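Okay, so here's the structure we're looking at.
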Amino acid sequence: MKVIYHCYGGAHSSVTAANIHLGLMPGKRTPGYNELINQKLFDHNQFKDSGRIIFMGHDGRGNEVYIVGRRSRPSLLYDTTECLSYAFGINSRSYLLVDVASHVNIIMKAGGILSRRLGLVSIGRPLVTWGTLISYRGILKLVEKTLKIIPAGSCTGGIGLVSNANSNN
Amino acid sequence: MKTVIFCSGCHFPVSSIAGFIYLGILPPNLSREAVWNTFCIDGPYNGGGYLGKAPDGTRIMAFSAPSSGHLLANLAGSFLEINGVSKNNYQVVELPIHEGPLLALGQMLLKWPVTRPVGRRLVENCLKKIYPLLVQAVKLDANFQISDNGI
């Protein structure tokens, strides 16, 4: 199965979730500041990368883990993938869209805009890292929930159990 | 069987217009009535997705969302790629139309019965400038640059 974590920019919360899923970030405790800021692809995606689904790795359980930034339009992601799946005969149960944006706090938003949108990395990156530390527990729980769902096979593309289509982040 | 996927970042679904031109449902010369009947007769049309199959067998899809043409193009391309669909089987075309405020305003005004005539006028005037470029784009098999000349 393909697990696709998505958030506004695909640079912080979804990256953190994907790295937790892959075991590259701690699953039992909150990481340190340096551990978080140095994780794979953290604060890396540019605004122009919006919509690009990026492979993060295999999770050892036969699943592929991806991230994507879809700005403030999760419905675009759901509708487009559903439509393409139908047209190209892709099994909608072969992927799961997981919305991480509900765990993005105001500090992460401010830091993300400063770093990714305005290019003020020296100010934005520490801020977004701090915000991610605050939200880490929530992201961790979401990943745990996702990992429980996958073996049950109860997920569908677009409106998976852990997706949050109403998020505006 | 090849699929052409048109993506645009406009409020008005210009990608669907390009798709319908490709399919032959809309004529090469702007027919305001045809555009109106296709897109606006039941209120503003925001749909997309699979539009149909052209006579040459090419399947046409279209997606539009305000300020999200690039996002849609990236999303469509990468989603098909990760699912192992060969690039020979599809072509993602991003219509780089820089939408001005009048087309967006016209589209918005179509929602209410009182403002519909004004909205229709605005949309038709804006499409008058865009339409030939869309026709040209389709003829060039989607390798093109479009400018709306200050709409």
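The values are calculated or read from the model by the stated rules, or taken from the named source; none is laboratory data. Just so we're clear, the structure is a prediction, and the values are computed from it rather than from any experiment. When we count neighbours, we look across all protein chains shown, and the Cβ atoms used for this are built from the backbone with ideal geometry, even at glycine. Remember, those area values only see protein heavy atoms, side chains included, never the ligands or the DNA or RNA. Shrake-Rupley method; radii C 1.70, N 1.55, O 1.52, S 1.80 Å.
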**Prompt:** With contacts defined as alpha carbon pairs under 8 Å and 6 or more residues apart, what's the relative contact order of chain A in percent?
**Reply:** 31 percent
**Request:** Would you mind checking B:Lys2/B:Lys111; B:Lys87/B:Lys111; A:Lys2/B:Lys87; A:Lys48/A:Lys141 for any pair whose Cα atoms are more than 28 angstrom apart?
**Result:** B:Lys2/B:Lys111; B:Lys87/B:Lys111; A:Lys48/A:Lys141
**Message:** Within 10 Å of each Cβ in B:3-16, how many Cβ atoms from other chains are there, averaged over the peptide?
**Reply:** 1
**Prompt:** Nearest 10 degrees, 0 to 90: what angle lies between the long axis of helix A:121-152 and the longest principal axis of chain A (Cα atoms)?
**Reply:** 30 degrees
**Message:** I'd like the distance between the alpha-carbon centres of the range B:50-109 and the range A:119-149, rounded to an integer number of Å.
**Reply:** 32 Å
**Request:** Net charge near A:Met1: determine it from the other residues with C-beta under 13 Å of the C-beta of A:Met1, scoring Lys and Arg +1 and Asp and Glu -1.
**Result:** +1
**Request:** Could you tell me the accessible area of A:Asp49 in Å² (1.4 Å probe, neighbours in place), rounded to the nearest ten?
**Result:** 20 Å²
**Message:** With +1 assigned to the C-beta of every Lys and Arg and -1 to the C-beta of every Asp and Glu, and no other charges, what is the dipole magnitude of the protein assembly as shown about the Cα centre in debye, to the nearest 20?
**Reply:** 480 debye
**Complete:** Over the protein assembly as shown, the sum of -39500 (n - 2.57) across DSSP H runs of at least four, divided by residue number and rounded to 500 deg cm²/dmol, gives at 222 nm -13000 deg cm²/dmol
**Prompt:** Label points 7 Å out from Cα along the Cβ direction at A:His44 and A:Ser122: separation in nm?
**Reply:** 2.4 nm
**Item:** Anchor A:Lys28: aspartates and glutamates whose Cα lies under 18 Å away (excluding residues fewer than 8 positions away in-chain)
**Value:** A:Asp59, A:Glu144
**Message:** If packing is taken as the average count of other Cβ atoms within 10 Å, what order do B:49-55, B:121-127, B:61-67 fall into, highest mean first?
**Reply:** B:61-67, B:121-127, B:49-55
**Request:** Enter the angle in degrees (range 0 to 90, nearest 10) between the Cα long axis of helix B:14-23 and the first principal axis of the Cα atoms of chain B, meaning the one along which they spread out most.
**Result:** 60 degrees
**Prompt:** Carbon and sulfur: what percent of the range A:1-79's accessible surface (1.4 Å probe)?
**Reply:** 51 percent
**Complete:** Inter-chain shielding metric for A:82-90, i.e. average beta-carbon neighbours from other chains within 10 angstrom, reads 6
**Request:** Please average, across the residues of B:77-87, the number of beta carbons from any other chain that are within 10 Å of each residue's own beta carbon, and give a whole number.
**Result:** 6
**Request:** Taking just the C-alpha trace of the protein assembly as shown, give me its Rg and Dmax in Å.
**Result:** 21.1, 64
**Prompt:** Per residue, what accessible area does the range B:1-125 have, given a 1.4 Å probe and all protein chains present, in Å²?
**Reply:** 43 Å²
